[in-house]
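Step one of this worksheet: look at the structure below.
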Amino acid sequence: MKPARCTSVSLYGLDSYFPKPFAMAPHVPPVILNTTPQRLLTLVPQIMVIPLTCVMVGCGPAKIEYRPNELYAVSLHREQGDADHTESEESSTRAAALAERWFGTADSPVWPSELLAGTPGADEVVRMDEVERSAGPVGRGNDKIERGLYRKHCVPCHGVTGDGRGLAASMLSPYPRDFRRGTFKFKSTPTGVKPTRADLVRTLHDGIPGTSMPSFAALELSKEFKNDIESLVEYVRFLSIRGEVERRLIAKHARGESQLNPDDESAIEVVRLVVANWASAETKVLPIPNPPEFTPEQFKESSKRGEEWFRSELTACAKCHGTSGAGDGNSQDFDDWTKDWTLLAGIDPKKKSDWKEMKPFGALKPVIDKPRNLAWGAFHGGGNRQDLFRRLVLGIEGTPMPPIARAINGNPGLTDDEIWDLVHYVQSLSSVPSSSLASAKSTLDDTIRSKPEGAAE
């Protein structure tokens, strides 16, 4: 395969932000087509990465490798008195070696089929042809098919390893997601269950409003790039599986449960367990009831009822979001990615003297996961009624946002009708009518669907 001409630019995914003839991909960046002037400011950190990248990497060939999960290893060993980090280094090194043995390298990923013999659905969890297309350096082979999609689109923020430590990461809020924990926020499955393919496709297609995660829907405007989202989803699944296996192996070694030898059955069982969890996700989607049909007057009445539930002790919405939904409640907390290496390791995330010792191992400054200001109208997981119902009943995994209590099987909680009332109140708080947002999204989707198959790119 012919490598990219300028490794430094294509490596960090910045080639798509340059006009021809500098761009390797002749498409308009998705974030440009579906944004506001304020949102364009989110491109600034990525643009700032360009000079840093050229200094650090240059424009020649560079060996790119998955980075060992030192931060997790150090956090596990910290309470055991590993002052010089020798034991944590052994744990992370051994786990990384096994992960490479079973899952390959950043340029040549593989799937541990032999280890997974007998694991139901293991061969369908990732599509390795798409993984291979997304991995590796940006470029084209003799077949003229573009490869290296992940480095082209995702590395500046999420990093080569999928650890959320791309060069732009520290300048973004919220920080890019670390896939290795195996936890995803916006999905259609309950807490503890992996996302479906459709969940990840939707996140890439729609982006996450109010964050630096852009929509990649514009890729579908091009005949050449229309399948890129699906290819990227497969690689994200692969990175998450590989990363979670590595984390679990680190934990086993840190606890003295395994020396992480390649033939250690307990280590191999980790791979089977993680893959099985992904394989079962498609059957665990929570069905969402159809929303009620209301007249404008009925909607107002429903919203008034929803306001009462919003401020009630049963839902506790106001404790975080505030009584007016401005995100100024008294309850403020960190997300699970931060707690992973701070509170669970005996570190106070609010004290710099505590957490700064973890910076050499990849820690970013702990930042409170602030509740959403509902008046902004930018809902991270989608703003239509079904989206909001889903977020209320499922919560946002990995964050302080819990699932709402539902009145099922005699348990105290809200009925579906009462949850719809709450949904309508949340929508009524938005300064941007949800109908306008839905109309804008519908226009883009219609444009994508109506583009002639043979239209000029």
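Read-outs: derived from the displayed coordinates by stated rules, not from any lab. Fair warning: this is a prediction, and the values are worked out from it, not measured in the lab. Every residue, glycine as well, gets a Cβ built from its backbone with ideal geometry; the counts of neighbours run over all protein chains shown.
The loop-placed trypsin sites (Lys or Arg not before Pro) in the stretch 136-223, going by DSSP, that have at most 16 neighbouring Cβ atoms within 10 Å of their Cβ come out as 144, 223.
Residues whose amide H lies under 5 Å from that of residue 406, counting only those 5 or more places away or on a different chain, are 414; hydrogens are built 1.01 Å from N in the peptide plane. Straight-line cross-link partners of residue 144 among the lysines, defined as a Cα under 25 Å from its Cα and at least 8 positions apart when in the same chain: 2, 20, 63, 152, 223, 226, 451. Summarising the label geometry, the points placed 7 Å from Cα in the beta-carbon direction at residue 417 and residue 298 lie 1.1 nm from one another. For residue 194, the aspartates and glutamates whose Cα falls under 14 Å of its own Cα, not counting residues fewer than eight places away in the same chain, are 234, 244, 282, 397.
Are any of the pairs 304/370; 284/339; 252/339; 252/319 more than 29 Å apart by Cα-Cα distance, and if so, which? Violating the 29 Å Cα-Cα cut-off are 252/319. Applying both filters, DSSP loop and at most 12 other Cβ atoms within 10 Å, to the trypsin sites (Lys or Arg not before Pro) of the stretch 253-343 gives 255. Remark: spin-label model distance residue 280-residue 113 equals 2.5 nm, labels positioned 7 Å along the Cα→Cβ axis.
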